[in-house]
Amino acid sequence: MSDPYTTDNSTETVVASVTNVNSQNAISVKLNNKQINFDFNSSTGVVTINNVSLANGNNTVVVSATNSAGSDSDDVVIIYDTMDKPVVNITKPGTNPYTSPADEASIVATVKNVDSKSDIKFTVNGKTSTAFSFVPQLDRFTATVDLSNGNNTVVIVATNAAGSDSDDVLIKYSKPMGGGGAVFDPTDKKPPVVKITKPGTNPYTSPTDEASVVATIKNVDSKSNVKFTVNGKTSTDFSFIPQIDRFTATVDLSNGNNTLVITATNSAGSSSDDVIVKYNKPSLGGKPGAVIPVKTPPTVNITKPGSNPYTSTKEEVTVEAKVNNVDSKSNIKVTLNSKQINGFTFIRQLNLVKVNLDLAEGNNNVVVTATNQDGSDSDDIRIKYNKPLGGTRPGAVITPSTTKKAPTVKITKPGTNPYTSPTDKASIIATITDVDSKNNVALRVNGQRLTSFDYIPQLGRFSATINLKNGNNTVEIIATNGGGTGRDDILIKYTSEQSSNIGSVFTRPGSKSNTSGSKTTPSSTGSKDTGSGRTGGLGKGKNSGNKAPASISGKPVVEVVFPVRLKDRTVRTATADIDVNVKGVAGKSNIQVIVNGKQTPFQYNTRTGQVKSRVNLKRGANKIEVKATNKKGKTEEAINMMRL
């Protein structure tokens with residue numbers, strides 16, 4: 001049985017099997033804590049709930065039954081996902097058609113109602129390109145395209161289960177003629193735009209006698225079209241890269257106010273921006289022996305590659321930066337195409353940051369940022385990766401594919417091998433290296449291949465939740481690439497405990513029960529796995545139930561049952577259900593469920609050790625912590641969820 005079950009239908013039919021009750025009055029059915037109508041066939045024990053009206057998001061259906069020997073219940077979560085069709089809107093260039101003064105153009109678009117880059121198709125002049133970035137949390141698409149002489153058609157298409165949408169823009173580019181420079185239609189020429197972006201405030205007070213100046217200058221073709229003055233004096237000590245509209249300079253400051261002005265001119269007009277930078281030279285006056293504190297904010301300077309922008313013919317590139325006035329790696333942030341990179345080194349003695357980066361085809365933006373108590377600074381570089389064309393020139397040496405590293409697979413959860421599971425489900429997490437796609441990964445459970453797992457190649461992270469049979473379960477993960485095969489396996493033991501005296505089994509919403517015509521057996525006390533849920537019966541005496549996992553000699557054990565998969569941890573709803581097993585505690589008072597730093601109510605089954613809670617989510621990132629304590633210590637598990 002799929003629990004939770006996701007549907008795009010506004011109504012569903014739910015079927016349950018209830019044994020050892022003779023009357024409908026002994027059964028209760030609730031939808032989201034409200035009683036609802038149902039049909040009960042006493043001869044077959046089948047409960048049918050027709051046309052369950054679903055609210056958007058999570059819906060919990062609970063079936064409870066009671067007789068003289070005890071009571072039992074079962075539940076299912078139905079997620080009603082009203083998916084909207086995608087919406088695509090190209091916001092940059094701002095006009096359509098657009099005439100570009102350079103052979104590159106920046107594309108920015110808003111793409112709504114899709115979850116990942118794989119849901120987007122980007123074409124330039126009919127050719128599909130993957131050289132773009134997409135941040136689903138911001139609905140933001142960005143790309144930089146190389147333009148051909150003449151007309152260039154750029155198309156963005158987004159697709160989800162509800163449909164698709166697209167937007168396009170026509171970009172004109174006239175290649176410069178020999179000797180006479182570029183020839184453009186004067187009506188297409190726009191006046192310059194100048195915007196100083198660093199310093200970020202105006203006026204700005206500098207803690208040192210030097211200041212870094214960064215500006216965006218649009219619609220000018222060269223450095224000769226830009227004039228830079230410091231306190232009224234013209235300076236040529238600056239750089240300007242027209243392809244990315246970037247102006248940079250470092251100026252020596254005089255004591256007091258310093259006025260910096262940037263002016264850009266073309267045939268359509270001129271524009272300027274200015275900033276006042278204040279510098280107060282430390283005074284040597286005061287009491288003898290007085291110490292004047294001097295602020296020392298960080299400075300960041302990318303030194304390798306040595307040019308900006310930089311073109312690479314290799315997919316991997318090394319970036320180095322000089323970072324001054326920070327104490328540790330935790331004060332530094334490195335991003336590649338807006339994604340944070342943690343795998344860098346910082347050598348404090350040399351003030352050196354070094355990182356090896358895997359580039360996407362096309363343009364890549366690398367930013368190094370440093371922060372301390374006195375401020376922050378950053379530097380960036382644009383690296384263009386030109387993927388080599390097929391074939392080789394005469395005499396070229398082709399590197400054999402056998403030089404590629406074989407994959408490695410390491411199962412990290414469960415943490416012991418063999419492992420004994422307290423429930424009939426187990427969470428599997430593994431680290432896989434040198435594999436680019438889920439298609440190169442295989443999961444086998446008891447010899448059977450399963451496809452219900454997630455693999456994120458950028459993180460090398462494999463995750464899955466599997467159903468366990470009674471006894472020993474062998475789990476094997478196999479990864480393959482051109483260099484070979486890697487694998488890891490684990491043995492998971494599960495012993496099913498005697499089920500509760502009344503069992504209720506859900507079948508998949510909308511399906512028919514296979515129990516029609518069956519007779520109840522009052523003396524039945526066991527349980528059988530029907531393949532679609534749990535069944536059980538009432539015998540004489542007390543309801544035995546599922547016993548809580550036995551206390552262990554060590555610290556508590558906390559295992560997340562749901563959500564485990566990455567896709568289950570990204571939701572659009574304001575609430576989410578969590579299901580966790582806790583073993584080795586005396587009672588509910590030894591357990592805490594904390595959502596974004598605040599304790600939240602939860603249900604705890606002392607017999608099974610199951611912790612359930614429906615938690616409220618804020619938009620963006622949410623952290624859910626489950627903590628368990630006993631005399632031996634404390635164990636906690638964190639569930640990170642994203643609400644879109």
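The values are calculated or read from the model by the stated rules, or taken from the named source; none is laboratory data. Model, not experiment: these values are computed from the prediction. Because the Cβ atoms are built from the backbone with ideal geometry, glycine has one as well, and the counts that use them run over all protein chains shown. Quick note on the areas: whole protein, heavy atoms, side chains included, nothing else; ligands and nucleic acids left out. Shrake-Rupley method; radii C 1.70, N 1.55, O 1.52, S 1.80 Å.
Listed values, structure above:
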{"item": "Using θ = phi - 60° and Karplus 6.51 cos²θ - 1.76 cosθ + 1.60, couplings along region 218-225 (whole Hz; Gly, Pro as x)", "result": "10, 6, 10, 9, 7, 4, 5, 8"}
{"item": "Whole-Å distance, taken between Cα centres, linking region 98-163 and region 254-281", "result": "36"}
{"item": "Rough spin-label spacing in nm, given labels placed 7 Å along Cα→Cβ, for Lys339 and Lys195", "result": "2.7"}
{"item": "Rounded percent of accessible protein surface that carbon and sulfur make up, region 69-170, 1.4 Å probe", "result": "45"}
{"item": "Area of Ser148 that stays accessible when all protein chains are in place (1.4 Å probe, Å², to 10)", "result": "60"}
{"item": "Accessible area per residue in Å² at 1.4 Å probe, computed on region 422-488", "result": "47"}
{"item": "Under-5 Å amide H pairs with Lys387, H placed in peptide plane, nonlocal only", "result": "Gly362"}
{"item": "Whole-number accessible area per residue in Å² for region 188-346, which is evaluated in the context of all protein chains at 1.4 Å", "result": "57"}
{"item": "Derived scalar couplings ³J(HN,Hα) [region 29-41; Karplus, 6.51 cos²θ - 1.76 cosθ + 1.60; whole Hz; x for Gly, Pro]", "result": "10, 10, 10, 6, 6, 10, 5, 10, 6, 7, 10, 10, 9"}
{"item": "Residues of region 1-134: accessible area per residue with a 1.4 Å probe, Å²", "result": "48"}
